[in-house]
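Some notes on the structure that comes next.
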Amino acid sequence: MTQSTAAQRATGTAAAPAVSLRGVAKTFAGARALRGVDIDFRPGEIHALCGGNGSGKSTMIKVLCGVHRADEGGSLVVGDETIDADKMTPAQAHRLGIRVVHQDLAVFPELTVAENLAIDSRFETGFAGRIRWSKQHRLAEESIAAFEIPATPRTPLSKLPLAARTQVAIARALHGGGAGTTTRSGLLILDEPTAALPVHEVRSLLKALRQLAAQGQSILYVSHRLDEVLDIADRVSVLRDGRLVGTHLAGELDEPKLITLMLGRAVHPSPARTEHVASTGPVVLETRNLAVGAVQDVSLSVRRGEVVGIAGLMGSGRSSLLRAIFGDLRPRAGELVLDGRPVRFTHPGDAVEAGVIMVPENRVSDAAFMDQSVDTNMSVSVIGRYWRRGRIANRAIRQDTGGLIEAFGVKTSSGRVEIGRLSGGNQQKVIMARWLRREPRVMLLDEPTQGVDVGARDDIYKLIRRATRAGAVAIVVVSDLEELAQVVDRALVLRHGRIVAEVSGRDLTAHRLAELSYADGS
């Protein structure tokens, strides 16, 4: 952080904005997503944007990038240029230096760093249009040096840790593959950049972002990880119901204050883990010597009413374990036992019929039908119930999903709204409603609160507990070890595909889980 930026953080001294929004509003089908937002982003500043799901964060980002055209009357000011917000286009945003790096990064793991850097700009070509690889690699070296990426131009992206891949995506956005194109004007928008990163990689990325801001780059940082927000941000702006409720120096806030600003109310913690009595009920699910993907010889059991967590580093086999139980991966060896009887799921449909459901890590690609309605997404798991006389009973679907929308607290104007128009937290509630209406015996939940705000996260765990109190069991994979330690009854630690520890009671802390996950330096 530069001395001037540090002074600004401490005192709130204003620098001339790099980008400003003035009176920006956006309406979708009569629903107000943004309501007259005024906000400034300064050079050399990391400006965090917080808010609950449905608060307007994603809409504001899309207005800044020209993906959504705002309602008439608002404007964007970039440097000395003013643009009507209802006329902003992606091409204008790019020309003005407004760049966004999304959570999914949109990088190509099978290509090299040099190839990834050139995709958004251009490849250097020579005779007959052939790529001049020597020149291309020299240009990539400039980006690698400028952004301190731990790689060479020829390194396949698949060989890099996730934090370094994020650095490549940032370098591509700001620098591309061409020499002399680095810009510190405009605004770099990072949307949930650490959502899939383990703790040690988060630290690496945040360090890189601080260095980038110190060089004068204006950064808009969007994250549900409030500890990160308060650690890295100079200022924090909070949206609620489409309105800007305030902009504060990060040093003036703590997590409880920030949560209250986001939700308009204080959130009481989820019931403490220690309040849950260890289950003595019958074993519902067992794996015996299961081997699949990175998983090697895993045996576990889950009793009626339990929530069991799986801790471990990325690559330890967490997701493969859940997918194998669900019938989405075929095990090399081992056995699955449900209610005391060996079962073999050759397809996820077999698991669903047996009362086993799974909420996958990536809801956009693997769970939600983004261009279909909330009604359809909630009903697809039981669609056979609505097949009558050769037709789908749409009226019955709407009646049933209307009750589910209310029961699960989904914020939507109608069940006919496309799920892709909902916030991440509300999408996740729809997916949970889809499966919980089947009254499952076993719930496999892979990062069930990823990209979800604190209020929706609390709601989701209440839904999980409601199901386990009714007799179901849950196996939960969560990368945030603080969250995992809070919400499960006991945790199993995977390392190199094997269960190396079981933790419960007073030992079940984030510190202990991290210690066990990294115990051998993996």
Among L157, L329, I499 the positive-end extreme of the charge dipole of the chain (Cβ point charges): L329
Sorted largest first, extent of the chain alpha carbons per principal axis (Å): 69, 53, 51
Mean-position separation - Cα centroids, the stretch 92-156 and the stretch 470-519, in angstrom: 39 Å
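Kirkwood hydrodynamic radius (Cα pairs, Å) of the stretch 224-263?
Working: mean 1/r = 0.0986 Å⁻¹.
Evaluated over the stretch 224-263, this radius sits at 10.1 Å.
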Cβ charges +1 (Lys, Arg) and -1 (Asp, Glu), total dipole of the chain, debye: 1240 debye
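What range in the chain is the longest one free of GluC sites (Glu not before Pro) that are in a loop by DSSP and have at most 14 other Cβ atoms within 10 angstrom? Each step should come with its number before you reach the end.
Values: sites that count: E72, E110, E148.
Excluding the exposed sites themselves, the longest stretch runs over 149-522.
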Distant alpha-carbon pairs in the stretch 426-522 (separation over 23 angstrom), percent: 29 percent
Label-point gap, in nm, between K135 and E335 - each point 7 angstrom along Cα→Cβ: 6.6 nm
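Treat the stretch 380-484 as a sphere of radius equal to its Kirkwood radius over Cα pairs and apply Stokes-Einstein at 10 °C in a medium of 1.306 mPa s; give the translational diffusion coefficient in µm²/s, rounded to a whole number.
Working: Rh = 14.9 Å.
Rounded, D is 107 µm²/s.
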Bridge type composition, the chain - antiparallel percent by DSSP, nearest 5: 60 percent
Rg over Rh, two decimals, the stretch 321-378 (C-alpha only, Kirkwood Rh): 1.05
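Rg over Rh of the stretch 78-137, using C-alpha atoms and the Kirkwood radius, what does it come to?
Numbers: Rg = 16.1 Å, Rh = 14.5 Å.
Taking Rg over the Kirkwood Rh, I get 1.11.
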Simple label model, 7 Å out from Cα along Cβ direction - A407 to V245, nm: 2.9 nm
Accessible solvent surface per residue of the stretch 366-504, calculated while the other protein chains remain in place, 1.4 angstrom probe, Å²: 43 Å²
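Could you tell me what percent of the accessible area of the chain is made up of carbon and sulfur, with a 1.4 Å probe and every protein chain present?
Details: 11340 of 23290 Å².
Summing carbon and sulfur atoms, their accessible area is 49 percent of the total for the chain.
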Debye intensity ratio in log₁₀ form over the Cα atoms of the stretch 254-411, taken at each q of 0.10, 0.11 Å⁻¹: -0.57, -0.69
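The values are calculated or read from the model by the stated rules, or taken from the named source; none is laboratory data. Worth saying up front: this structure is predicted, and the values here are computed from it rather than measured. Cβ sites come from the backbone with ideal geometry, for glycine too, and all protein chains shown count toward neighbours. Note: accessible area is taken over every heavy atom of the protein model, side chains too, but ligands, DNA and RNA are not part of it. Shrake-Rupley method; radii C 1.70, N 1.55, O 1.52, S 1.80 Å.
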